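Chemist: There's a structure below that I have some questions on.
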Ligand code: XMP
């Protein structure tokens, strides 16, 4: 069987790079993002069927422009250059020229198609098409052999085409939803120009991955840290399907989980799969170490190192284990491989990497090519139930980073009950599946209230509900006021210790999703 088609996307740092990868995969073609620093030889070794150059924030004329090997353009591969990619093409090919500009153009523009090229097939040549622009520099002369295929009011050269070499460039972003016909343009590139065959589906992904896992592990054994979330559950179930009892799952209950969480997933897995599952109750250890700690990063560090310690002690009871399976997702991979290097640590996520070297376990990351929504599709493909598939992301440090100030058993109990109402109301109203995440936060703040005839002096709880695609950016969800009213009434009436509820109306950036 011939290898399936693969598109290699070179990342120059655009906020839309991941979106390009998604669009290509949505079209049924497998795609991978690589940093722009790879050489033409590296790209050739990846044996792609086509290449896409992303946009990026730099200027090709800057001294510190990201490094790039222009021999990529000589690989004789169908190539689509978007935004910065287009400027790079014009800058590095004979005849082409780019003018630096200090004015940036953002947003909507009207594209007029000027040439009948395959990339624009099916677009009406006369009509203006709304496209999404985000650039500073402009191409002012096409490279030799390229025709100008489109223009907008501000940009005379908004599209370039070399039909014979199957090379195209666009100043606008076909991958964003605001660009009319963006999908048609990408499909024209993938199917008409590059002649690719759509065949990448979740079913084919699972089938290939299971066979690869079986082969990789052979007679060895694997440990997996199960957290109760969809990612690690999918990893565990896939590995179980591939290698059965050679998989050992360790669930560390740190006492910072939500009401019922953890036990629920463990019970489901026990009932439906004959898994080796070790449920380690370590709440006391975690809470003892957190006593008196209020600094968010200190809390995260304590929970991270305690987790590793407990996990390591359990794993040591499995001397045959050679591999550690993790639910690392694509956004984590890209972030650490970007040409800009890992982005600044805003919060330490203890469950990405982090195991001590001396454990000598090799990593298995079956989901490292996938986005969250794709993991959910895999979860459905391997038969997991909705309550696991649609579970909201939950941070490794758990409720400890949703209790501002000291974490105590009493405050955990208040937060669990409050959170249970938020979850319940989201589910009952149908909002749970529409939002990225929804939860409660307990503030280190008491305010005055009145209940019956008496004065109360109790805690404030906050409700945080956000929409997001990948947690990199997020906006607060415009929940109906009746739903907020119902959450607030229930919390204040049913949770002893809370007499005031506020709703968080901050977006990310500049705020983050979690409060700590
Ligand atoms: P922030 O608060 O940084 O969160 O906007 C982004 C997403 O990551 C989750 N999060 C974590 N997930 N370990 C995790 O596995 C962690 O330490 C951690 N901290 C935050 C958060 O819930 C949101 O979905």
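Computed from the coordinates by the stated procedures, all read-outs in this text should not be read as laboratory data. Note that this is a predicted model, so its numbers are computed, not measured. Positions of Cβ are backbone-derived with ideal geometry, glycine not excepted, and every protein chain shown enters the neighbour counts.
Chemist: Could you tell me the center-to-center distance, by alpha carbons, between region 168-203 and region 386-457 in angstrom?
Modeler: The two parts, judged by their Cα centres, are 42 Å apart.
Chemist: Let me ask something else. Using the per-residue mean of other Cβ atoms lying within 10 Å as a proxy for protection, in what order, highest first, do the peptides 417-426, 89-98 fall?
Modeler: 417-426, 89-98
Chemist: If you don't mind, there's one more thing I want to ask. Any chance you could give the angle, 0 to 90 degrees and rounded to 10, that helix 372-381 forms with the longest Cα principal axis of the chain?
Modeler: Long axis of 372-381 versus the principal axis of the chain: about 70 degrees.
Chemist: Highest mean first, how do 225-238, 275-288 rank when packing is the count of other Cβ atoms within 10 Å averaged over residues?
Modeler: 225-238, 275-288
Chemist: Sequence gap at least 6, Cα distance under 8 Å: using those rules, report the relative contact order of the chain to the nearest whole percent.
Modeler: 10 percent
Chemist: For the chain, find the longest principal axis of its Cα atoms and tell me its angle to the long axis of helix 481-494, 0 to 90°, nearest 10.
Modeler: 20 degrees
Chemist: Can you sort 433, 258 by how many other beta carbons sit within 10 Å, fewest first?
Modeler: Sorted ascending by nearby Cβ count, the order is 433, 258.
Chemist: Fewest Cβ neighbours within 10 Å first, please rank 384, 363 accordingly.
Modeler: If I rank by nearby Cβ atoms, fewest first, I get 363, 384.
Chemist: So for region 168-297, averaging the separation of alpha carbon pairs under 8 Å that are six or more residues apart and normalising by length, what relative contact order in percent results?
Modeler: 18 percent
Chemist: Rounded, prolate or oblate: pick one for the chain, where a ≥ b ≥ c are the square roots of the eigenvalues of its C-alpha gyration tensor, a/c under 1.5 means rounded, and failing that, prolate if a/b is larger than b/c, else oblate.
Modeler: Here the chain falls in the prolate category.
Chemist: Starting with the fewest neighbours, write out 402, 490 ranked by other beta-carbon atoms found within 10 Å of each beta-carbon.
Modeler: Ascending Cβ contact count within 10 Å gives the list 490, 402.
Chemist: Same structure, new question: Would you mind classifying region 399-496 by shape? Square roots of the alpha carbon gyration tensor eigenvalues, ordered a ≥ b ≥ c; an a/c under 1.5 is rounded, otherwise it is prolate if a/b is larger than b/c and oblate if not.
Modeler: Oblate shape, in that a/c is at least 1.5 and b/c is the bigger or equal ratio.
Chemist: Now for a separate question. How far is helix 263-272 tilted, in degrees, relative to the longest principal axis of the Cα atoms in the chain, given as a value from 0 to 90 rounded to the nearest 10?
Modeler: 70 degrees
Chemist: While we're here: How far, in nm, would the chain grow between residue 450 and residue 317 when pulled straight, counting 0.36 nm per residue and subtracting the alpha carbon separation?
Modeler: Contour length minus the Cα-Cα distance gives 42.4 nm.
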